[in-house]
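Quick notes on the structure that follows.
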Amino acid sequence: MVSLDHISFPAYLGVDVGGTTIKIGIVDNSGRSFAHGKIDTDHERGPEDGVRRIIEFAEGLLAESGLNWEQIRAIGLGTPGTMDVKQGMLLHMPNMSGWDHFPIRSYLADQTDKPVAFLNDANAAAYGEYWVGRGQECDSLVMFTLGTGVGGGIIIHDITLDGAHSHGSELGHITIDSSADARQCPCGQFGHLEAYVSATSVAKRTQEQLDEGEESSLQTTWSEQGMVSSLDVATHAEQGDEFANRIIRETGHYLAIGITSVLHMIDPDIVVLGGAMNFGGHQTRAGRAFLEAIRQRTRELTFPVLAENTIIDFATLGSDSGFIGAAGVARKQFG
Ligand SMILES: [Zn+2]
């Protein structure tokens, strides 16, 4: 914990709602998180109870930091699913039935008597990386969040690209394959990036090829467990399995097609890759090979000036980027 003497006031509360857990943290004016933790979402208890538990947990964080509500200027709130950002309203929350069409921004504001900044969780994560993460020296940033699905966030000159209808920055749903046999995305459309590079899609692509008889140490996992995860792919690639390494390179190549579209559209300073589906990131050979495959294919597909100058790298804040970024957007709107 940071000593109170070093906190730069005012402070902000950042909240990152997920389907399983809600991350909550107190972030100071310079972007340092000095108290944070998480609670179970327990979505079946409903959104009012969720908000009540968020506030209760925040009060605990304040108490252990020696702070009080008066020192919190505003709250930033990031949520998954579809939403109406302008109205502060959740629309459809996948796997969180009972939260649909809940006016979460005004409810949280009423319960705390604080202004609340509300945005998509992936945009919040991108803002966190832009403010104090991998993109903190940059003026514009694009972030792909690779997990069970694929999220996206775009920040240009300190502005999060929420869009006119709250569907801006949906990078998981840009088209990378328009052929007749393109893969189907969970959204129902075909050929979207998410259908190729999410953890779910990587597992599916791997299993299909194992079914076709690819020679690999993953065949044992596949026949014994009846499933293979992207984590298994990372593990076997790290142990030298050529098929697993090929899956990682292919995933990098698919992602590079999506990145190329975004580079030609936005021309950002940096593209940041966040989320747990990174094959180990900088820490492992498999993760570094993934990054190199993305960089190399992107270089081959883009204008030379973009290929030479755009940084592509893993995110640095991990799963903290969501609540830190949400707090950052609250600071931007109400600081
Ligand atoms: Zn889609």
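Laboratory data are not the source of any read-out in this text; all were calculated from the coordinates shown. Small disclaimer: the values here were computed from a predicted structure and weren't measured. No Cβ is skipped: glycine too gets one built from the backbone with ideal geometry, and neighbour counts run over all protein chains shown.
For the options 167, 157, 92, a Gaussian network treatment of the chain with springs between C-alpha atoms closer than 10 Å singles out 157 as fluctuating the most. Per residue, the chain reaches -12500 deg cm²/dmol at 222 nm when only DSSP H runs of four or more residues are counted, each adding -39500 (n - 2.57). For the chain, the convex hull spanned by the alpha carbon atoms encloses 142 Å³ per residue.
Can you tell me the length gained on complete extension of the stretch residue 333 to residue 139, counting 0.36 nm per residue apart and subtracting the Cα distance? Mind dumping the intermediate values first?
Working: separation 194, 0.36 × 194 = 69.84 nm, distance 1.81 nm.
Contour length minus the Cα-Cα distance gives 68.0 nm.
Available extension along the chain between residue 239 and residue 284 is 15.1 nm, counting 0.36 nm per residue and deducting the alpha carbon span. Restricting the calculation to Cα atoms, segment 135-316 yields a radius of gyration followed by a Dmax of 16.3, 51 Å.
List the chymotrypsin sites (Phe, Trp or Tyr not before Pro) within segment 298-335 that fall in a DSSP loop (any state other than H, G, I, E or B) and whose Cβ has at most 16 other Cβ atoms within 10 Å. Taking segment 298-335 and a limit of 16 other Cβ atoms within 10 Å, no loop chymotrypsin sites (Phe, Trp or Tyr not before Pro) are found.
Between 96, 83, 265, the GNM of the chain built on Cα springs shorter than 10 angstrom shows 265 fluctuating the most.
In this label model, residue 266 and residue 300 are separated by 2.4 nm, measuring between points 7 Å along each Cα→Cβ vector. Highest average first, the peptides 84-91, 243-250 ordered by how many other beta carbon atoms sit within 10 Å of their residues are 243-250, 84-91. Short-range pairs are left out: with C-alpha atoms under 8 Å and at least six residues apart, the relative contact order of segment 133-281 is 29 percent. Restricting attention to the chain, the count of lysine pairs at 8 or more positions apart or across chains with alpha carbons under 26 Å apart stands at 9. Under 13 Å from a label point set 7 Å out along the Cα-to-Cβ vector of residue 311, the amide N atoms of segment 98-129 belong to 129.
For residue 175 and residue 29, the FRET efficiency from 1/(1 + (r/R0)^6), where r spans their Cβ atoms and R0 equals 25 Å, is about 0.05. Counting only DSSP beta bridges with both residues in the chain, the antiparallel share comes to about 55 percent. Averaging the sequence gap over all C-alpha pairs within less than 8 Å and six or more residues apart, then dividing by the number of residues, gives the chain a relative contact order of 21 percent.
Distance from the alpha carbon centroid of segment 210-226 to that of segment 272-335 works out to 31 angstrom.
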